[in-house]
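Since every read-out is calculated from the coordinates, none of them should be taken as a lab result. Source: prediction; values computed, not measured. We place every Cβ from the backbone using ideal geometry, glycine too, and count neighbours over all the protein chains shown.
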Amino acid sequence: MPDVILAAMRLHLEEVLVVGAALFSIGLYLALSKRNAIGILMGVELMLNAVNVTLLAFARFIESPRPLDGQVFATFVITIAAAEAAVALALAVAIYRHRETVNIDEIDVLRW
Amino acid sequence: MILALLALVTDKRLALVTDHWWDIRDLSNLTDAVYDILRDDLNVPDWGIWVLSGLLGTIGIISFIGGVAIINIWVERRVVGRMQSRLGPNRLGPFGLLQPVADAIKLMQKEVLQPKVADGLVFTLAPIAFTVPGIALFAVIPWGRNMVLADLDVGIVYLFAMSSLAALAVFIGGYGSNNKYALFGSMRVIAMLVTYEIPIVLSLLGVVLFAGTMNLQGIVLFSEEHWVLMVMLQPLAFLIYFLSSSAELNRTPADLAEAESEIAGGYHVEYSGMKFGLYYAAELINAVAVSAIIATVFLGGWWMYKVDEIVPGWMILIGKIYAVYFIFVWTRGTLPRFRIDQLLAFAWKWMTPMAIINILVVATEVMIWEETGWSAAVILPASIVINGALTGLLIVGWVRTMAPNFQRFPDRLRMYSTIDVPSLPAQAADLRETTA
Amino acid sequence: MIEDNAIVIAFWSLSATTIVCALMVAAVRNLVHSVLFLALTFVGVAGIYIVLSADFVAVVQVLIYAGAVGVLMTFAIMLTPGADRLNASTVFQAPAFVLGVMVFLLIAWVAYDTEWRISDREAFTTTAASLGEAFLKPYIVPFEVASVLLATAMIGAIILSRAERDDRA
């Protein structure tokens, strides 16, 4: 490989943020457009992962007096996302028991 | 090679591990010599050397795994047979040593049946997904003072991560078979795997507290520095880890996944031929990986009270791995199988509380060590005595409290313990009338 | 910025794999396949964390997300056998797609437009010990609150998914 191309390969903060943004928008699409309640949950988890990527990129690249705060924050996000996934899936299973469906188009008793 | 080794150790100038490239006691000498030739004479760039070092380490580990997977088939069957007062395989080769060859040929020439309604890609992917974390577990094991493939600072958590990936692979196998019994079996297995992850994490946490680092090489160096084996410092953690990981590996006494008499094979009922062979080999590889972890963390790894300066460290480690594996096979040949509810109760009511109490006591000892600054020669023997007493008292006390009706020699033969069976409403009404 | 070529190559290959797996989560027909692709996405994201020299967070990600949340989702799918497994979309598919693209462009524009204060620090060497200290000294209160939250979530999930008994007197 020519040295010019090799020398031009750098990894900047903006590129990592773009990857995080891509994952976030895919998760947003999943959360808004899936019919199955578990599909929506998959979108939410993907969004939380994208947020973690952004946080860790900031922790690595940005000038800060305590640079590891990003990783602390990311660990807390992982913890809370796991707790939220457990409760959301328990909710989905409980709704299924009553209504035989997890299709959000059919769970609309509280809609106007 | 044995002659070369004997020549090495008997020559007084070479009794201890040296830096010569032909000193196989530290294999990094050989690789360093190769890298020096490549870097200085052939001008290979740095990333080439780095890739080559990764490749060499991986090839070494995979060749070890391949050899072990073959030998352990023989070890299991022969040792279990001898323990059950019968000859194991003894027809093929001396002492039946060529039995694994016959097993491999048999599996390779069997027809690989795939049900038409099974999910094609997922069905094929499941044995692979089960094998890869088992092999990846070997990446952090230190084989010598300078011989670690991946010197991770978070080695212990990496081990937990790889074992929990295996749980996902079990589900893929059960679902891909499109067979409700396979799915059922795989659900039970996943419940068991997820339950037993907790005592495993808690017991290894006690080890990390003492060693002060999650790096596996650091834990071995702690043993070397303080001249003590971790199993002496924490027998309770060793016992809990051993029992929980034999449940994680689906070995007897916890092998209701593949109990041929129970659920017809569980999640690998639809697999035949070499796919089943891969599952079988993957379980053996997982067992050896867990033995390697126990040998490294609890039994001191490549260090053995100054013997490792004469004998190669990796040979000592392989010896310890086989010792722990022998204990695994011993429990398989001796103990009967648990039921699923007994297994889960064992995890939640026995292993987890004992592991938590272990952490409590260990953390107190480490805190006393840090705060008072007494030397290790005072703290560590005291810890050995306290932890040993704790293990004995805790096990005996727990059995007395949790199972007060346990009789070692029952006065009346029973095939089952009493279970409360909920009665139908009509029967309950009858019962109430007759007893009232 | 990172200048090591191997790390840059690793980052781009890992990101490409992760984004392709995330797109497959949205695109495959079968719900179980989609959950498996999600587990692969989690592992890919763990690879990105390692590139950003967050080794502890990466192994915790594999342990919790791929090992536990993935298994939890497959359990939930298995416990809802009557529901369809089609991974279909609602009527909001097209607006959601447009919104996703717009959000992506917005974040990318903000990322490239802001003047970040980049530091020329080297990569972190030991994160686990420093993270442990950070959890126990400045951030002890969120740590304890997170443990209470986990206990509450566990109890809540158990209560929500208990089978109702008909003969409860």
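Things to note:
- Residues of the range C:89-106 that turn out to be part of a loop (DSSP other than H, G, I, E, B) and more than 7 Å from chain A (Cβ to nearest Cβ), as a count: 1
Each row is one residue, and each column tells you yes or no for (1) within 27 Å of C:Glu122 (Cα to Cα); (2) more than 7 Å from every other protein chain (Cβ to nearest Cβ); (3) touching a Leu at 6+ places or on another chain (Cβ under 9 Å).
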{"position": "C:Ala16", "(1), (2), (3)": "yes, yes, no"}
{"position": "C:Ala27", "(1), (2), (3)": "no, yes, no"}
{"position": "C:Val32", "(1), (2), (3)": "no, no, no"}
{"position": "C:Gly44", "(1), (2), (3)": "yes, yes, yes"}
{"position": "C:Leu79", "(1), (2), (3)": "no, no, yes"}
{"position": "C:Gly82", "(1), (2), (3)": "no, no, no"}
{"position": "C:Asn87", "(1), (2), (3)": "no, no, yes"}
{"position": "C:Ala108", "(1), (2), (3)": "yes, no, yes"}
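- Counting the residues of the range A:17-75 that are outside any helix (DSSP H, G or I) and either more than 7 Å from chain C (Cβ to nearest Cβ) or more than 19 Å from C:Asn87 (Cα to Cα) (or both) gives 7.
- All positions within the range C:1-14 that are in a loop (DSSP other than H, G, I, E, B) and more than 7 Å from chain A (Cβ to nearest Cβ): C:Asp4
- Residues of the range B:328-348 satisfying the condition of being surrounded by 13 or more Cβ atoms within 10 Å (Cβ to Cβ) and of a type in the set (D, E, K, R): B:Arg332, B:Arg337
- Scope the range B:125-159; condition in a helix (DSSP H, G or I) and either away from chain C (no Cβ under 14 Å) or of a type outside the set (A, V, I, L, M) (or both); matching residues: B:Pro127, B:Phe130, B:Thr131, B:Pro133, B:Gly134, B:Ile135, B:Phe138, B:Gly155, B:Tyr158
- Taken over the range B:370-400, the criterion of being among the β-branched types (Val, Ile, Thr), exposed (fewer than 12 other Cβ atoms within 10 Å of the Cβ) and under 17 Å from B:Ala355 (Cα atoms) is satisfied by B:Val396 alone.
- Scope the range B:167-191; condition buried (at least 24 other Cβ atoms within 10 Å of the Cβ) and either under 16 Å from the mean Cα position of the chain (by Cα) or hydroxyl-bearing (Ser, Thr, Tyr) (or both); matching residues: B:Ala167, B:Tyr175, B:Ser177, B:Ser186
- Top-ranked residue in the range A:76-112 [being among the acidic types (Asp, Glu) and either facing another protein chain (nearest Cβ under 7 Å) or surrounded by 15 or more Cβ atoms within 10 Å (Cβ to Cβ) (or both); ranked as nearest to C:Ile155 (Cα to Cα)]: A:Glu84
Residue by residue, here is whether (1) surrounded by 12 or more Cβ atoms within 10 Å (Cβ to Cβ); (2) more than 19 Å from B:Met147 (Cβ to Cβ); (3) under 20 Å from the mean Cα position of the chain (by Cα) holds:
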{"site": "B:Val34", "(1), (2), (3)": "yes, no, no"}
{"site": "B:Leu42", "(1), (2), (3)": "no, yes, no"}
{"site": "B:Gly54", "(1), (2), (3)": "yes, no, no"}
{"site": "B:Ile71", "(1), (2), (3)": "yes, yes, yes"}
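- Residue count for the range C:46-67 under the criterion of being within 14 Å of chain B (Cβ to nearest Cβ) and touching a residue at least 12 places away in the same chain (Cβ under 8 Å): the result is 14.
- Scanning the range C:27-41 for residues that are closer than 28 Å to A:Leu11 by Cα and surrounded by 23 or more Cβ atoms within 10 Å (Cβ to Cβ) yields a count of 3.
- Condition check for B:Lys275: surrounded by fewer than 23 Cβ atoms within 10 Å (Cβ to Cβ) and under 25 Å from B:Trp74 (Cα atoms): yes
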